[in-house]
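S.K.: Structure in C-alpha cells, see below.
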Amino acid sequence: MRGMRIRLSIPLLLCLLLGACVHTAPRNPLATWVPSPNHDARRPVLVVLHYTEQGSVQQSLDTLRTANSGGRVSAHYLIGKDGERYQLVSDLDRAWHAGGGSWGRISDVNSASIGIELDNNGREPFSEPLVASLLVLLEDLKTRWGIPPENFIGHSDMAPTRKIDPGVHFPWKRLAEHGYGVWPQDGTEPAPADFDAVQALRLLGYAVDDVDATVRAFRLRFRGVADGGLDDEDRRILHALVQGWTIPAER
C-alpha cells in the first residue's frame, strides 16, 4: 500500500509542477482580481538591426545569454552566416539590445522594438544565406505586428553618437525593395535651395541633438560612407525620402 501511494503521487506531483510553469500575469494581492477581456499584449512597433562584431554564432549566443564586458545584453533573434535563425527572447518581452537613443518620439527603444543580431564582424559583406533568412523573418514580423516600412532601422539610426552597426556593408536598398526600410528612388531632382535638411532628418526619425553624428549615421546608411559633412547628394536623398519618393516594394 505504501508503494502504491508513492506511485499514485508521482502523476499528481508532475501536474503540480507543470501547472507552476504556466506563465500568468502578476496579480496584485492588494486588490481583488476581476479579469477583463478588454486588453491586448504590448506590441513592438520597431525592428532594430545589429551586427554581432564577434567571431562565431556560438560566441554571440553565449554573450546574449550571459554577459559581456559592459553588462548583460540580449536580442530577440540572432541569424547566423548560414541562415540559421535563433530566438532568444519572446517578441512580447523586452530584450536589452538597443541601449540609449531614440527614434522619432520613441525614447525607450527596448520597450518598443524587436532586436535582431546578425552574424557579421562589420568588416565583410553579409552572406547571402543570412540576408535571405533575414528577409523571411522580417516578412513574418511585419505581417504579424503591422510594423510600417519606415520603422525597420539600424542600431546606428537610433544611437548615432554611439553605434555604427549594421555598418557600411549592410544591403539597405535590397531590404527596401522588399518593403523593409526606406530608400530613395533613382533620378530624383536636387533639393530646393531653401530645403531644411536638419528638419528632414528629424521627420525621418533621427535625433538631431548632435547634428554631425546624425549626419554620419545617415550617410552610413544611405551612402555607405561613415565620414564627411552634409552635401548636395545627401540633401537630394533627404528631400526624396521626406517627399515619399521611395522605391516601391516588390510584391
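The values are calculated or read from the model by the stated rules, or taken from the named source; none is laboratory data. The structure presented is a predicted model; accordingly, all values stated were derived computationally and were not measured. As a convention, Cβ positions derive from the backbone with ideal geometry for all residues, glycine included, and neighbour counts pool all protein chains shown.
S.K.: Could you grab me the full set of residues in the range 92-113 that are surrounded by fewer than 18 Cβ atoms within 10 Å (Cβ to Cβ), closer than 18 Å to residue 137 by Cα and modelled with pLDDT of 95 or more?
M.R.: none
S.K.: If you don't mind, another one. Out of all the residues in the range 139-182, which are of a type in the set (Ser, Thr, Tyr) and closer than 22 Å to residue 122 by Cα?
M.R.: 156, 161, 180
S.K.: Okay, next question. List the residue pairs whose Cβ atoms are under 8 Å apart, where the first residue sits in the range 120-142 and is farther than 17 Å from residue 250 by Cβ, the second is surrounded by fewer than 13 Cβ atoms within 10 Å (Cβ to Cβ), and the two are 6 or more positions apart or on different chains.
M.R.: Note: pairs meeting the criteria are 121/55; 127/82; 129/82; 130/82.
S.K.: Something else: Output the residue which, of all residues in the range 39-53 that are over 20 Å from residue 148 (Cα atoms) and within 18 Å of the chain's Cα centre (by Cα), is surrounded by the fewest Cβ atoms within 10 Å (Cβ to Cβ).
M.R.: Once the filter is applied, the top-ranked residue is 53.
S.K.: Taking the range 69-91 only, how many residues are loosely packed, with under 13 Cβ neighbours inside 10 Å and under 27 Å from residue 206 (Cβ atoms)?
M.R.: 2
S.K.: Right, another one. For residue 214, indicate whether it is closer than 16 Å to residue 160 by Cβ, surrounded by 13 or more Cβ atoms within 10 Å (Cβ to Cβ) and modelled with pLDDT of 95 or more.
M.R.: Details: closer than 16 Å to residue 160 by Cβ: yes; surrounded by 13 or more Cβ atoms within 10 Å (Cβ to Cβ): yes; modelled with pLDDT of 95 or more: yes.
Taking the combined requirement at face value, the residue satisfies it.
S.K.: If you don't mind, there's one more thing I want to ask. Quick check on this structure: which one of 171, 190, 160, 149 is in contact (Cβ under 8 Å) with a residue 60 or more places away in the chain, under 28 Å from residue 243 (Cβ atoms) and not charged (D, E, K, R)?
M.R.: Among 171, 190, 160, 149, only 149 is in contact (Cβ under 8 Å) with a residue 60 or more places away in the chain, under 28 Å from residue 243 (Cβ atoms) and not charged (D, E, K, R).
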